[in-house]
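Novice: Below you'll find the structure I mean.
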Amino acid sequence: MATESFVFKQCINLIKSTGRKAKQLRELYAGIEQASDDSIYHHTYQYFLKGHLLEYTNDFAHWAGESLEERVLSEHLSALDPYEFADIAGLRKKLLEVIDDYLESFPEPREVTPGNEFYFNETITIVFPVGIKARNLAEFLIAVRYIDSGSLYYHFYEARSRLGSGRDDFSKWFEEKWVDDASKKELGEKIKGIDPFMHTIEEIREHVVSAVEEVVRKDMGIIPL
Amino acid sequence: MSQYTGIAPRGDLELLRKFGEKLNGKSFLHVNSTRAGGGVAEILNRMIPILKELGIDARWEVIGGDERFFDITKKFHNALQGKLEKFSEDMWQHHFEVNKINAQGLNLDADAVLIHDPQPVPLVEFRRGGKWFWRCHIDLSDPMVEVWDYLSRYCNKYDAAVFSVAKFAKAMAIDEFIVTPSIDPLSDKNRDLSEDEIREAVERLGIPLDRPMILQVSRFDRFKDPLGVIKAYRFAKKYNDCVLVLAGSAATDDPEGETVLNEVKENAADDPDIHILLLPPFSDKDINALQRVSTVVLQKSLREGFGLTVTETMWKGKPVIGGATGGITTQITHGVTGFLVSSVDGAAFRIRQLLNNPEMTKRMGANAKEYVRANFLMTRQIRDYLSIWYAAENKGRNALEL
């Protein structure tokens, strides 16, 4: 059954150290091989919650580029799309393949300077409602402008793992609430089409606001000047 | 809590309210070794009233000790941060005995207890129930093994440990959480100041404003490299006229401070443009004013726990030139919210860069402030401590929904 109102939620991540670290590529390989699913999930899917620069798309690529200074490897690792994998096992296998291929060409990896090791972490995720509901598109537009980036992350990024098939919570709501409305279906497709890797969370907010605002204006019959 | 509306992220405030409901009436005890001076006391001074307002019965106890106890714990501090110190069996024994005496006088009964740093760590031997967490604020990435072996005997008896950044965490038998420290945006150290307040403080401290000011605020401690800052300033001054201010307070648990201060004074002796300020504890408004009028701010630490002075400065919309160590690297995104440097030459170069590019300085300062808002305000840290407590009471689950 379609949800009537959109209930905005947010997640925060409590970071836990696993005590494992890597100072060079072979140790990174071993660490990825042995890390828990939670740890792999944190370093890939949860990368964008940290508000990093868009040079990389996961912690492994980030470390390879910034600390190891292996730019080619960081490019290969950044090209991985975790949402393409059905489960963590598949993603882990691919990460190991990429590193393994690189080690074949460069079998004697160098070490990072002390203090710049890769630290394998996990998280405990706490989800909570933020006390904002949207009953219609206009209310949704106002809410999206003001929710925290953590809420945007939960509904746009985390939803993709939760719902699968590249869906986010926003698109899902548009499609389910306005089943017979082509403009809302199109809006859902537009939101789904925003590349999660190529924008900061604030840029994603701007894209969502812009797309929704366009539909709200059409609904209100506002004629563009 | 309402004072934080419009300042702290809305989600953090909402989650705090929810935790307040869940943990209403429960007791939360914090224990450390000094009520004045240093970052821990500063945080607790602000955090305890906020916890109480949320409906949590929060308390703060401070352990006492003789001069020998604090000499020993200062050696712990140095040794845990990589400096070689000599220890003997009777020193471990004295550390434990002082804690045992304190345990007899303190009320350690609480639903959750957070013990700060090594000084009170043996108190876990006297726990009376509740969840116990050990909070380590210092850089533990390369400790003297003997000292860590001694302390970890106690640390592993806690329900969980909390470190400021991942690189400080050790391989322990208990859960280890990473919680970065924070600032209170409403405190005298961080709130907005009027022009009059700033002028009054700066004039009283005798700081000239006719030239750009380079500032470092920290305890007089070798790990903060004050002599390196003086060198960097002297190098930059060859190209840009400026003044240097080194401002710090003494902490009651730091016996080395006076020695380092004298070294700094001796090094700076013949330069009228170097101002060394030993401020009394709680000189928060003065530090606030200095950070606001400064042109360039340094935190050129060689080892650092977290570096709250960096957070404070960033909150004032100023980029920081920070030593690439400890928690400073968590706050400064190089080239975006500040610069990370690894040498005197590096610090001197970035001083010159900021002095000569006011637009870049302004842009980086704005980035810095927003980064602090999202990640390093007191409300986030309280949120994390309460999250750890809540997670400990729901152990085994890595996804919780309120």
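The values are calculated or read from the model by the stated rules, or taken from the named source; none is laboratory data. None of these values were measured; they are calculated from a predicted model. When we count neighbours, we look across all protein chains shown, and the Cβ atoms used for this are built from the backbone with ideal geometry, even at glycine.
Novice: Search segment B:328-361 for residues being part of a loop (DSSP other than H, G, I, E, B) and of a type in the set (Gly, Ala, Ser), and hand back the single one that is nearest to B:VAL165 (Cα to Cα).
Specialist: B:SER342
Novice: Here are A:VAL127, A:VAL112: which of them is touching a Phe, Trp or Tyr at 6+ places or on another chain (Cβ under 9 Å), over 23 Å from A:GLU4 (Cα atoms) and within 14 Å of another protein chain (Cβ to nearest Cβ)?
Specialist: A:VAL112 is the lone residue from the list that is touching a Phe, Trp or Tyr at 6+ places or on another chain (Cβ under 9 Å), over 23 Å from A:GLU4 (Cα atoms) and within 14 Å of another protein chain (Cβ to nearest Cβ).
Novice: In segment B:362-402, what count of residues is obtained for those that are among the aliphatic types (A, V, I, L, M) and touching a residue at least 60 places away in the same chain (Cβ under 8 Å)?
Specialist: Result for segment B:362-402: 9.
Novice: Output yes when any residue across segment A:76-89 is within 14 Å of another protein chain (Cβ to nearest Cβ), in contact (Cβ under 8 Å) with a residue 40 or more places away in the chain and of a type outside the set (S, T, N, Q), and no when none is.
Specialist: Taking every residue of segment A:76-89 in turn, at least one turns out to be within 14 Å of another protein chain (Cβ to nearest Cβ), in contact (Cβ under 8 Å) with a residue 40 or more places away in the chain and of a type outside the set (S, T, N, Q).
Novice: Next up: Condition test on B:SER152, is it farther than 24 Å from B:ALA79 by Cα, among the hydroxyl-bearing types (Ser, Thr, Tyr) and modelled with pLDDT under 95?
Specialist: It is false that B:SER152 is farther than 24 Å from B:ALA79 by Cα, among the hydroxyl-bearing types (Ser, Thr, Tyr) and modelled with pLDDT under 95.
Novice: Taking the condition of being at negative phi and either over 21 Å from the mean Cα position of the chain (by Cα) or surrounded by fewer than 19 Cβ atoms within 10 Å (Cβ to Cβ) (or both), how many residues in segment B:76-92 meet it?
Specialist: 10
Novice: When you go through (1) more than 14 Å from chain B (Cβ to nearest Cβ); (2) buried (at least 21 other Cβ atoms within 10 Å of the Cβ); (3) aromatic (Phe, Trp, Tyr); (4) closer than 30 Å to B:SER342 by Cα one by one for A:TYR119, which number turns out not to apply?
Specialist: Going through (1) more than 14 Å from chain B (Cβ to nearest Cβ); (2) buried (at least 21 other Cβ atoms within 10 Å of the Cβ); (3) aromatic (Phe, Trp, Tyr); (4) closer than 30 Å to B:SER342 by Cα one by one, A:TYR119 breaks only (1).
Novice: Name the residues in segment B:31-59 that are under 18 Å from B:ILE183 (Cα atoms), among the hydrophobic types (A, V, I, L, M, F, W, C) and not in a loop (DSSP other than H, G, I, E, B), would you?
Specialist: B:VAL40, B:ALA41, B:ILE43, B:LEU44, B:MET47, B:ILE48, B:ILE50, B:LEU51
Novice: List the number of the failed condition for A:LYS93; all other conditions in (1) at pLDDT 95 or above; (2) within 22 Å of A:ALA64 (Cβ to Cβ); (3) within 14 Å of chain B (Cβ to nearest Cβ); (4) surrounded by fewer than 19 Cβ atoms within 10 Å (Cβ to Cβ) hold.
Specialist: Evaluating A:LYS93 over (1) at pLDDT 95 or above; (2) within 22 Å of A:ALA64 (Cβ to Cβ); (3) within 14 Å of chain B (Cβ to nearest Cβ); (4) surrounded by fewer than 19 Cβ atoms within 10 Å (Cβ to Cβ) leaves (3) as the failure.
Novice: Identify, by number, the condition in (1) basic (Lys, Arg); (2) under 30 Å from A:GLU175 (Cα atoms); (3) crowded, with 22+ Cβ neighbours inside 10 Å that A:LYS16 doesn't meet.
Specialist: (2)
Novice: Test each condition in (1) away from chain A (no Cβ under 14 Å); (2) among the β-branched types (Val, Ile, Thr); (3) not in a helix (DSSP H, G or I) for B:THR325 and report the one that comes out false.
Specialist: Going through (1) away from chain A (no Cβ under 14 Å); (2) among the β-branched types (Val, Ile, Thr); (3) not in a helix (DSSP H, G or I) one by one, B:THR325 breaks only (1).
Novice: I'd like to know if segment B:27-41 contains one or more residues that are of a type in the set (S, T, N, Q), more than 30 Å from B:VAL147 (Cβ to Cβ) and modelled with pLDDT of 95 or more.
Specialist: Going residue by residue through segment B:27-41, those that are of a type in the set (S, T, N, Q) are B:27, B:32-34.
Filter again for more than 30 Å from B:VAL147 (Cβ to Cβ), leaving B:27.
From the residues that got through so far, the ones that are modelled with pLDDT of 95 or more too are B:27.
So far as segment B:27-41 goes, yes, one or more of its residues are of a type in the set (S, T, N, Q), more than 30 Å from B:VAL147 (Cβ to Cβ) and modelled with pLDDT of 95 or more.
Novice: In segment A:6-57, which residues are more than 13 Å from chain B (Cβ to nearest Cβ), at pLDDT 95 or above and not in a helix (DSSP H, G or I)?
Specialist: A:PHE6, A:GLN24, A:ALA35
Novice: Still on this structure, please answer the following. If the requirement is being buried (at least 21 other Cβ atoms within 10 Å of the Cβ), at pLDDT 90 or above and over 28 Å from A:ASP81 (Cβ atoms), which of these qualifies: A:VAL130, A:VAL212, A:VAL144, A:VAL208?
Specialist: Just a single option satisfies the conditions, and that option is A:VAL130.
Novice: Condition test on B:GLU67, is it within 16 Å of B:ASP184 (Cα to Cα), surrounded by fewer than 19 Cβ atoms within 10 Å (Cβ to Cβ) and touching a residue at least 40 places away in the same chain (Cβ under 8 Å)? Please lay out each step first, then the result.
Specialist: Values: within 16 Å of B:ASP184 (Cα to Cα): no; surrounded by fewer than 19 Cβ atoms within 10 Å (Cβ to Cβ): yes; touching a residue at least 40 places away in the same chain (Cβ under 8 Å): yes.
It is false that B:GLU67 is within 16 Å of B:ASP184 (Cα to Cα), surrounded by fewer than 19 Cβ atoms within 10 Å (Cβ to Cβ) and touching a residue at least 40 places away in the same chain (Cβ under 8 Å).
Novice: Answer with yes or no whether B:ASP109 is closer than 25 Å to B:SER387 by Cα, away from every other protein chain (no Cβ under 14 Å) and either buried (at least 20 other Cβ atoms within 10 Å of the Cβ) or more than 22 Å from the chain's Cα centre (by Cα) (or both).
Specialist: Here the answer is yes, as B:ASP109 does meet what is asked.
Novice: Those residues that are within 9 Å of chain A (Cβ to nearest Cβ), in a strand (DSSP E or B) and either crowded, with 22+ Cβ neighbours inside 10 Å or touching a Phe, Trp or Tyr at 6+ places or on another chain (Cβ under 8 Å) (or both), I need them from segment B:162-177; list them, please.
Specialist: The answer is B:PHE163, B:GLU176, B:PHE177.
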